[in-house]
Amino acid sequence: MQEKILILDFGSQFTQLIARRVRELNIYCEIHPFNKVPEVDESVKGIILSGSPYSVRQDDAPHFEFIKHHTTLPILGVCYGAQYMAHFHGGEVLASSTREYGRANLDYIKPHNVLFKDVPAGSQVWMSHGDTIARIADDFEIIASTDSVKVAAYQITGTKTYGIQFHPEVTHSIDGKQLLQNFLVDICGCSQDWTPDSFIETTIAELKAKLGDDKVVLGLSGGVDSSVAAVLLHQAIGKNLHCIFVDNGLLRKDEYQSVLDSYQHMGLNIKGIDAKQRFYDALAGISDPEKKRKAIGRVFIEVFDDAAHEVQGVSWLGQGTIYPDVIESVSVKGPSATIKSHHNVGGLPDFMKLKVVEPLNTLFKDEVRRVGKALGIDPNILGRHPFPGPGLAIRILGDVTPEKVDILQQADAIYINNLRSGGVYDKVWQAGAIYLPVQSVGVMGDERTYENVICLRAVESLDGMTADWCHLPYDLLAKISNEIINNVKGINRVVYDISSKPPATIEWE
Ligand code: XMP
């Protein structure tokens, strides 16, 4: 049985980060909303309570019956989690009189306390809270303090229940990883055997048992997730996996053929479908970004469904869904407004009536890459920048025509090739060229030109939720600009996007 740690989410922005830190220690963990705690069986080795934007003093503060697990399972409360246990167990939590935000040092650490094994006195930690634990119950013991936060950490005496008011999961807490390891390994007794290889082994065995001789159809996109999902499924069921790769005419230059070749090289049973014209027809005359997305999503489903029907007796749809897409988030301020209708491509149409198999739905993106590497997948596929499902259609502002796609593909290829040869491709999280339907005056030779603009975008990001524009070297930008203007007919001006997200978004549409 796969041992695991439960992380109960009270709505903190850092909850996923806690999960990533736990997994970096090769320990499997799951995030669950505080009010939907799953059955706790013997596979659960311990519980971590996350922080929260709420205060325990609020009437609607999130509740969890920690007393149910206290003394039977190790518990670590982080920030709100620590305050919650202190507050509901005979202590007192008050609004903090001093600002408890940012770096602080653990001036006092109780000697020989297991939670602080190998954490030196003075260790820097990161605080981020408006409330503070003012008083603790008699059976609580302070195990660490800073100069302004007396109860920086506590243990409920004689138990494996701990609370810390700082965030061990952020890198500013220098020994945070050590502290988490102490909790997970020394206190919970986790064995740290959850590795890419063990994941691959158990997942393939599970897929074999689940799918038997059934057939699975899966849409490949050329991206990391669908590729890794395909290889795992292929290793489990071989030729019963039928992959479909659609050329929507909105991919990067030559990408369709090169990706198709590398999939075939990997031994996948794959069918490539040239549906360019169907997509161009559906997009003709549409300028609104959301309408473009919908048109592309609709045609994709039609094309995919036609192809899937050609596979006799298929009963499953494989998908490369990853963990961040399935984590149920704790809504703090109501559902967030839809800014763009993302990830519309690849959804399951009702009429397909297939069961869904998602071999990666417990993994974070970096873990998918590690699993892909262990599976021996081409580093060119694993290291690819994210690319949106609607492709170049949302990088051509306004209506899309095959001519504009051609121009953008040429410019984009020059850009990306230069990022690669300039040695910066892997340092950039995502990059792409954008076609602006704006005409400006230029001069080439003795001729006056009146042509369109290409904008270059490159961002640094962790997950696409926020992003900073990359400070690409001027020389590289100059070279790219020259090459584009000299080689791509229809372009006489190149600009660089220096907006961060927020307030801008990564894509222009
Ligand atoms: P934005 O533009 O919202 O993009 O800052 C964040 C990330 O999402 C990608 N993106 C999409 N991906 N379908 C997709 O599959 C879409 O409609 C879509 N729109 C944006 C974008 O490339 C970036 O990685």
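The values are calculated or read from the model by the stated rules, or taken from the named source; none is laboratory data. These figures come from a predicted structure and were not determined experimentally. Heads up, the Cβs are rebuilt from the backbone with ideal geometry, glycines too, and the neighbour counts pull from every protein chain shown. Calculation scope for accessible area: heavy atoms of the full protein, side chains included, ligands and nucleic acids excluded. Shrake-Rupley method; radii C 1.70, N 1.55, O 1.52, S 1.80 Å.
Being away from the ligand (no atom under 16 Å from the Cβ), without any contact (Cβ under 8 Å) to a residue 60 or more places away in the chain and of a type in the set (A, V, I, L, M, F, W, C) is the requirement here; does Ile270 meet it? Yes.
Candidates Asn380, Asn344, Asn417: the one that is of a type in the set (S, T, N, Q), at pLDDT below 90, closer than 20 Å to Val259 by Cα and surrounded by fewer than 19 Cβ atoms within 10 Å (Cβ to Cβ) is Asn380. As a summary of the residue check, Thr466 satisfies the conditions (1) within 16 Å of the ligand (Cβ to nearest atom); (2) within 13 Å of Gly432 (Cα to Cα); (3) surrounded by fewer than 19 Cβ atoms within 10 Å (Cβ to Cβ) except for the one numbered (2). Helices (runs of 4 or more DSSP H) fully within region 206-307 that include at least 1 residues being open to solvent by less than 10 Å² (accessible area, probe 1.4 Å) and among the hydroxyl-bearing types (Ser, Thr, Tyr): 224-237, 255-265.
Is at least one residue of region 18-25 out of contact with any helix residue (DSSP H, G or I) (no Cβ under 9 Å at 6 or more places or on another chain) and either open to solvent by less than 50 Å² (accessible area, probe 1.4 Å) or closer than 19 Å to Ile187 by Cβ (or both)? Looking for residues that are out of contact with any helix residue (DSSP H, G or I) (no Cβ under 9 Å at 6 or more places or on another chain) and either open to solvent by less than 50 Å² (accessible area, probe 1.4 Å) or closer than 19 Å to Ile187 by Cβ (or both), one finds none in region 18-25, hence no. Taking Leu360 as the residue in question, decide whether it is among the hydrophobic types (A, V, I, L, M, F, W, C), at pLDDT 95 or above, assigned by TED's automatic domain parsing to the domain that holds Leu233 and within 16 Å of the ligand (Cβ to nearest atom). Here the answer is yes, as Leu360 does meet what is asked.
When Val488, Val459, Val453 are checked against the criterion of being among the aliphatic types (A, V, I, L, M), open to solvent by less than 40 Å² (accessible area, probe 1.4 Å) and within 16 Å of the ligand (Cβ to nearest atom), Val459 stands alone in meeting it. Restricting attention to region 466-507, the residues that are farther than 23 Å from Leu397 by Cβ and free of Cβ contacts under 8 Å to residues at least 24 places away in the same chain add up to 6. Among the residues of region 415-431, those identified as in contact (Cβ under 8 Å) with a residue 60 or more places away in the chain and within 16 Å of the ligand (Cβ to nearest atom) are Tyr415, Ile416, Gln430. Taking the criterion of being among the charged types (D, E, K, R), closer than 23 Å to Leu49 by Cβ and touching a strand residue (DSSP E or B) at 6+ places or on another chain (Cβ under 8 Å), the only residue of region 104-129 that qualifies is Lys110. For region 401-414, taking the residues that are open to solvent by 10 Å² or more (accessible area, probe 1.4 Å) and either free of Cβ contacts under 8 Å to residues at least 60 places away in the same chain or closer than 15 Å to Tyr280 by Cβ (or both), the one that is nearest to the ligand (Cβ to nearest atom) is identified as Gln409.
Condition check for Asn105 on (1) open to solvent by less than 20 Å² (accessible area, probe 1.4 Å); (2) modelled with pLDDT of 95 or more: one failure, at (1).
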